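Colleague: Mind having a look at this structure? Questions to follow.
The values are calculated or read from the model by the stated rules, or taken from the named source; none is laboratory data. From a predicted model like this one, the values you see are computed outputs, not experimental measurements. Positions of Cβ are generated from backbone atoms using ideal geometry, with glycine treated the same way; all protein chains shown enter the neighbour counts. Quick note on the areas: whole protein, heavy atoms, side chains included, nothing else; ligands and nucleic acids left out. Shrake-Rupley method; radii C 1.70, N 1.55, O 1.52, S 1.80 Å.
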Amino acid sequence: MTDPLLDVRGLTTSFETGQGRLTAVDDITFQIEEGEVFGVVGESGSGKSVTALSVMRLLDDAGTVEADEVRFKGTDLLSVSESEMRSIRGGEISMIFQDPMTSLNPVMTIGEQIAEVVRHHGDVGERTGFWSEMRRKYVTGTSEGSRSWQRAVELLETVGIPEPEKRATEYPHQLSGGMRQRVVIAQALAGDPSLIIADEPTTALDVSIEAQILNEILELSEEFGISVLLITHDLGVVRETCDRVAVMYASEFMETGHVNDIFEDPHHPYTEGLLASIPRIADEREWLSVIEGTVPDLIDKPSGCPFRDRCDYAFELCDRPLVEYEIEGSALETHTVRCHRENEHVEVDDSGHVESVPDEAVAALERRIEAESARDADGGVSPTADASARADGGSRPSPAADAENGGDHGEY
Amino acid sequence: MGLREYLLKRLVHSVFVMLFVVTVVFAAVRSIPGDPARLMLGGDVDTATLEALRAELGLNQPLYIQYFRWLRRLLTGDLGESIRTGEPVLGSIVQVAGPTLSIAALGMVIALVIAIPTGIISAVKRYEIEDYLSTTIAFFGISMPAFWIGIVLVLVIGVNVESIPTFGYTPIDEGISPWFRSILLPSFAVGFPYGGILMRMMRSSMLEVLNEDYMRTARAKGLSSNLVLFKHGLQNALIPVVTLAGIFLAVVLGGVVAVEIVFGIRGLGRLLIGSINRRDFPLIQGTVLLIAFVFVLANIVVDLLYTMINPRIKYGGGD
């Protein structure tokens with residue numbers, strides 16, 4: 001298998017707050033292949049957006065981003081210089097944000113907002129220095145004969161905006177919400193990216209145009225061979241659009257796998273809860289199914305499973321550090337779950353409740369945890385890299401192999 | 001609505017604003033104690049002489065007659081004559097308006113040139129030394145009245161730097177440099193408080209803009225931080241500042257009146273204070289009218305600027 005387009009291992013982002021250290025993203029690992037649509041689904045505050053901003057290095061000084069690796073096309077994004085990062089942002093990786101009313105600049109024409117991306121990342125031979133840009137902005141305006149402008153008009157046409165020449169000269173407030181989000185998509189395409197990070201791209205839109213916008217993103221990314229990291233809280237959107245999906249809860253990835261596996265054969269109680277809470281027309285129930293309880297405080301977050309207080313299946317291992325278990329029998333893609341019920345020695349009854357926890361289970365878990373901390377110690381990777389270790393649901397954990405890998409490459 | 005129509009509408013509005021101003025001033029100056037006729041004649045005069053003078057000046061008429069008579073002359077562009085000297089009010093004002101307008105204009109320029117960059121720096125370097133330094137200086141500017149700043153400037157700079165005069169005004173036709181030097185300190189004195197206010201507004205406005213989504217978008221496009229700040233941020237941050245800059249112009253105009261006294265400059269301020277002391281009603285009214293006119297005119301200019309930098313606003317609204 002070729003290297004993934006984006007390879008994120010052990011990404012941890014935290015913020016120093018007055019009350020303590022807030023862990024917004026806790027040791028997550030994922031890979032995005034070329035041409036793939038990878039979804040991250042979770043409720044608000046679970047750290048989905050911070051994950052995206054961490055990868056793009058767009059968090060301000062308040063956030064600390066640590067990772068074993070954030071590798072994009074072989075480049076370690078966390079170690080490149082800021083100017084190299086700038087050529088990646090908007091160029092190789094572009095973003096679509098949630099609210100097109102606030103994410104477009106109200107005092108700049110639509111054409112210029114797209115054209116500036118073309119100028120900075122494309123090969124149009126137009127000057128992009130500070131003073132050239134300032135003169136263009138405040139004195140001369142963008143020339144409508146310039147290649148960047150013409151490209152902007154083309155892009156507007158590509159995303160399905162009628163009368164693109166005229167629209168390009170207009171300001172964001174003159175367009176409807178759906179049109180504005182199309183402009184944002186055009187802007188994201190302008191740098192010829194390999195990856196688009198779409199952060200809740202349809203959440204601020206009317207339901208009636210949600211599907212149109214999603215289709216636009218997916219069709220165009222397929223047409224141009226662009227991978228998509230789709231962040232959403234909407235399971236319906238995930239099911240319609242994604243190849244693989246990660247379910248995020250309280251800053252951690254609880255379950256990752258092919259979208260069919262996740263929907264048809266969820267292993268994590270949180271995923272099950274999420275799926276059960278989707279209302280169905282055929283449903284006889286009077287009440288919507290909900291997950292009782294609230295998300296734990298992410299400030300000075302304790303180790304162990306963050307879902308255990310809300311989980312119907314909680315048992316004595318749940319306050320131990322989480323490790324990743326691979327589900328066997330998933331035909332499509334690697335399906336991994338971070339839930340100790342998957343420990344090969346733990347006995348689970350038909351309803352999913354834990355019957356007994358033999359000593360072997362505890363011993364196996366302890367070996368895994370120990371192996372991971374040992375690997376972290378000599379590998380020089382961050383102490384919370386357990387997500388990248390592999391523990392197969394059926395087979396014995398193999399600490400030696402993990403130590404060699406320093407993380408798991410073929411996981412997906 | 002086109003630009004011309006908009007301007008016309010604004011000018012018609014302004015006429016009403018100024019009419020309101022002069023009416024209030026007319027009423028106010030006549031309600032303060034003191035009779036101009038008695039002040040002119042001095043201490044011991046008999047009633048007959050006093051009455052004769054009052055009749056001559058038209059002060060024995062009922063107030064509304066005086067008001068409408070004055071208003072009628074005003075409509076023909078005639079501001080009347082000073083009741084003290086008998087000279088036309090307009091002439092007296094034009095004679096001394098030069099220094100006042102020069103000081104006010106330069107004061108504004110100084111304020112803007114200082115306030116906008118420091119406001120931006122302060123916002124970008126929030127809670128850092130640059131921020132504390134500039135907000136502290138701005139705080140001094142807001143707290144100290146212009147005339148006090150003027151006195152301090154005379155003591156500190158005027159006494160030590162010979163080339164900068166501390167007294168009097170040199171008209172511009174005697175050379176740009178002497179003119180400039182003669183208004184430099186008073187302009188700074190009126191510009192400093194105004195600049196302080198503008199700087200605080202620029203700072204808070206820029207802080208707000210820095211948190212906007214489109215600034216994050218601009219960074220996500222891979223633009224340098226300077227481009228993000230000045231290409232995407234500056235114009236947005238200026239929108240509220242420009243609006244308030246017009247309103248707070250009153251600080252400058254008020255400052256000039258007092259500062260002229262400190263620097264011994266014969267300008268509108270001195271003319272106004274002198275005319276109030278002498279209860280020279282037409283002169284007071286004329287001077288206030290001119291100041292109101294400058295204020296209104298400046299605000300029209302500000303509103304035009306505002307529509308230029310904010311594409312969401314079209315002339316006359318409706319959007």
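Colleague: Leaving ligands, DNA and RNA out of it, report the carbon-plus-sulfur percent of the accessible area of the stretch B:96-309 at a 1.4 Å probe. Could you put the intermediate results ahead of the total?
Modeller: Values: 6420 of 9040 Å².
Of the solvent-accessible surface of the stretch B:96-309, carbon and sulfur hold 71 percent.
Colleague: Report the paramagnetic label zone for B:M308: residues of the stretch A:138-175 whose backbone N is under 16 Å from a point 7 Å from Cα along the Cα-to-Cβ axis.
Modeller: Output list for this probe position: A:138-141.
Colleague: Computed on protein heavy atoms with a 1.4 Å probe, what is the summed buried accessible area for the chain pair A and B, in Å² to the nearest 100?
Modeller: On the way: alone 18980 and 17280 Å², together 33740 Å².
Roughly 2500 Å².
Colleague: Answer rounded, prolate or oblate for the stretch A:92-166, using the Cα gyration tensor with square roots of eigenvalues a ≥ b ≥ c: rounded when a/c is under 1.5, else prolate when a/b is larger than b/c, else oblate. Provide the component values of the computation, followed by the final result.
Modeller: Working: a/c = 1.41, a/b = 1.28, b/c = 1.10.
Rounded is the answer for the stretch A:92-166, as its axis ratio a/c remains below 1.5.
Colleague: Another question, if that's okay. With each pseudo-label sitting 7 Å past Cα toward Cβ, what's the A:E157-B:F180 distance in nm, one decimal?
Modeller: In this crude spin-label approximation the distance works out to 5.4 nm.
Colleague: With each run of n ≥ 4 DSSP H residues scored as -39500 (n - 2.57), what mean residue ellipticity at 222 nm is computed for chain B after dividing by its residue count and rounding to the nearest 500 deg cm²/dmol? Show your work: numbers first, answer last.
Modeller: On the way: 13 runs with 228 residues, N = 319.
Dividing the helical sum by the residues of chain B leaves -24000 deg cm²/dmol.
Colleague: Under a cut-off of 16 Å between alpha-carbon atoms, report the lysines in cross-link reach of B:K9, not counting same-chain residues fewer than 8 places apart.
Modeller: B:K314
Colleague: Now for a different question. Pop out the Kirkwood hydrodynamic radius of the stretch B:96-309 from its pairwise C-alpha distances, inverse of mean 1/r, in Å to one decimal. Kindly include the intermediate steps, with their values, before the conclusion.
Modeller: Working: mean 1/r = 0.0540 Å⁻¹.
Across the stretch B:96-309, the inverse of the average 1/r is 18.5 Å.
Colleague: Under a Cβ-Cβ cut-off of 14 Å, what is the net charge of the residues other than A:G129 that fall near it, where Lys and Arg count +1 and Asp and Glu count -1? Could you put the intermediate results ahead of the total?
Modeller: Values: positive: A:R86, A:R119, A:R127, A:R135, A:R136, A:K137, B:K231; negative: A:E116, A:E126, A:E133.
Its environment carries a net charge of +4.
Colleague: Sticking with this structure for a sec: Starting from the Cα coordinates of chain A, work out the convex hull volume and express it per residue in Å³.
Modeller: Values: hull volume 66.1 nm³, N = 412.
So the per-residue Cα hull volume is 160 Å³.
Colleague: Please compute the modelled spin-label separation between B:R38 and B:D78, points set 7 Å along Cα→Cβ, answer in nm with one decimal.
Modeller: Those two pseudo-labels are separated by 3.0 nm.
Colleague: Tell me, what % of the accessible area of the stretch A:101-192 is carbon and sulfur with a 1.4 angstrom probe?
Modeller: Numbers: 1780 of 3790 Å².
The value for the stretch A:101-192 is 47 percent carbon and sulfur by accessible area.
Colleague: Another question, if that's okay. Given a Förster distance of 41 angstrom, what is the FRET efficiency for A:D192 paired with A:Y138, based on the Cβ-Cβ distance and rounded to 0.05?
Modeller: Values: r = 28 Å, r/R0 = 0.69.
With R0 = 41 Å, the Cβ-Cβ based efficiency is 0.90.
Colleague: What is the sum of charges, Lys and Arg at +1 and Asp and Glu at -1, for the other residues whose Cβ falls under 15 Å from the Cβ of A:T140? Mind dumping the intermediate values first?
Modeller: Working: positive: A:R119, A:R127, A:R135, A:R136, A:K137, B:K231; negative: A:E112, A:E116, A:E126, A:E133, A:E144.
Its environment carries a net charge of +1.
Colleague: May I pose another question? Which value, in Å², gives the accessible area per residue of chain A when a 1.4 Å probe is used on the protein heavy atoms? Kindly include the intermediate steps, with their values, before the conclusion.
Modeller: Working: 17770 Å² over 412 residues.
That works out to 43 Å² per residue.
Colleague: Amide H neighbours of A:V346 under 5 Å, at least 5 residues apart or on other chains, H built in the peptide plane: list them.
Modeller: none
Colleague: Ignore the peptide's own chain and count Cβ atoms of other chains within 10 Å of each Cβ in A:94-100; give me the average, rounded. Before the final figure, lay out the partial values.
Modeller: Details: counts 3, 5, 2, 5, 1, 1, 2.
Per-residue shielding by partner chains comes out at 3.
Colleague: Indicate the residues belonging to the stretch A:108-131 that lose 50 Å² or more of solvent-accessible heavy-atom surface (probe 1.4 Å) upon moving from the chain alone to the assembly of all protein chains, ignoring ligands and nucleic acids.
Modeller: A:E116, A:F130
Colleague: Work out from phi, with θ = phi - 60° and the Karplus expression 6.51 cos²θ - 1.76 cosθ + 1.60, the ³J(HN,Hα) of each residue of the stretch A:214-226, listed in order in whole Hz, and give x for Gly and Pro.
Modeller: 4, 4, 4, 4, 5, 5, 5, 5, 5, 4, 9, x, 9
Colleague: For labels at A:M101 and B:L101 in the simple 7 Å Cα→Cβ model, what's the distance in nm?
Modeller: 4.5 nm
Colleague: While we're here: Considering only protein heavy atoms, what per residue accessible area in square angstrom results for the stretch B:96-309 with a 1.4 angstrom probe?
Modeller: That works out to 42 Å² per residue.
Colleague: So what's the back-of-envelope 222 nm ellipticity for chain A, counting only DSSP H runs of four-plus at -39500 (n - 2.57) apiece and dividing by all residues, rounded to 500? Could the numbers behind the result be given before it?
Modeller: Numbers: 14 runs with 133 residues, N = 412.
Estimated from H runs of four or more residues: -9500 deg cm²/dmol.
Colleague: What size of dipole, in debye to the nearest 20, comes out for the stretch A:101-192 about its Cα centre when the only charges are +1 on Lys and Arg C-beta atoms and -1 on Asp and Glu C-beta atoms? Display every interim value, and only then the final one.
Modeller: Working: 11 positive and 12 negative charges, 46 e Å.
That gives the stretch A:101-192 a dipole magnitude of about 220 debye.
Colleague: Calculate the length of the line joining the C-alpha centroid of the stretch B:29-93 to that of the stretch A:2-17, in whole Å.
Modeller: Measuring centre to centre over Cα atoms gives 83 Å.
Colleague: Counting Lys +1, Arg +1, Asp -1, Glu -1, what net charge surrounds A:V183 among other residues with beta carbon under 10 Å of its beta carbon?
Modeller: Numbers: positive: A:R167, A:R180, A:R182; negative: A:E170.
After counting each charged neighbour, the total is +2.
Colleague: Beta carbons within 10 angstrom, averaged per residue: use that to sort the peptides A:99-108, B:298-307, A:203-212, highest first. Could the numbers behind the result be given before it?
Modeller: Details: A:99-108: 20.8, B:298-307: 16.4, A:203-212: 14.4.
The packing order, highest mean first, is A:99-108, B:298-307, A:203-212.
Colleague: Debye calculation, C-alpha points only, no solvent: report log10 I(q)/I(0) for the stretch A:187-230 at q = 0.22, 0.32 Å⁻¹, in the same order as the q values.
Modeller: Here log10 of I(q) over I(0) equals -0.73, -1.21.
Colleague: Express the C-alpha Rg of the protein assembly as shown as a ratio against the empirical globular expectation 2.2 N^0.38 Å, rounded to two decimals.
Modeller: On the way: Rg = 36.0 Å, N = 731, 2.2 N^0.38 = 27.0 Å.
This ratio for the protein assembly as shown stands at 1.34.
Colleague: On to the next question. I'd like the mean, over residues of B:229-237, of how many other protein chain beta carbons sit within 10 Å of each residue's own Cβ. Intermediate results must be reported in sequence, preceding the final value.
Modeller: Working: counts 0, 5, 10, 6, 1, 4, 6, 4, 0.
That average works out to 4.
Colleague: Arranged from highest to lowest average of other beta-carbon atoms within 10 Å per residue, in what order do the peptides B:105-114, A:37-46 appear? Please list the in-between numbers first.
Modeller: Values: B:105-114: 19.5, A:37-46: 21.7.
Peptide ranking by packing, descending: A:37-46, B:105-114.
Colleague: Continuing with the same structure: Name the residues of the stretch B:197-222, by number, that are at least 20 Å² less accessible with every protein chain in place than in the isolated chain; the surface is that of heavy atoms, probe 1.4 Å, without ligands or nucleic acids.
Modeller: B:D213, B:Y214, B:R216, B:T217, B:R219, B:A220, B:K221, B:G222
Colleague: Evaluate E = 1/(1 + (r/R0)^6) for B:H13 and A:E219, where r is the Cβ-Cβ distance and R0 equals 45 Å; express this FRET efficiency to the nearest 0.05. Provide the component values of the computation, followed by the final result.
Modeller: On the way: r = 53 Å, r/R0 = 1.18.
Working from the Cβ atoms, E equals 0.25.
Colleague: Now for a different question. Tell me, how many Å apart are the Cα centres for the stretch A:54-130 and for the stretch A:247-308?
Modeller: Using only Cα atoms, the two centres lie 32 Å from each other.
Colleague: Can you list the HN-Hα couplings for the stretch B:197-211, worked out from phi with the Karplus curve (6.51, -1.76, 1.60; θ = phi - 60°), rounded to whole Hz and with x for Gly and Pro?
Modeller: So the J values, rounded to whole Hz, are 5, 4, 5, 4, 5, 4, 4, 5, 5, 5, 4, 5, 4, 4, 8.
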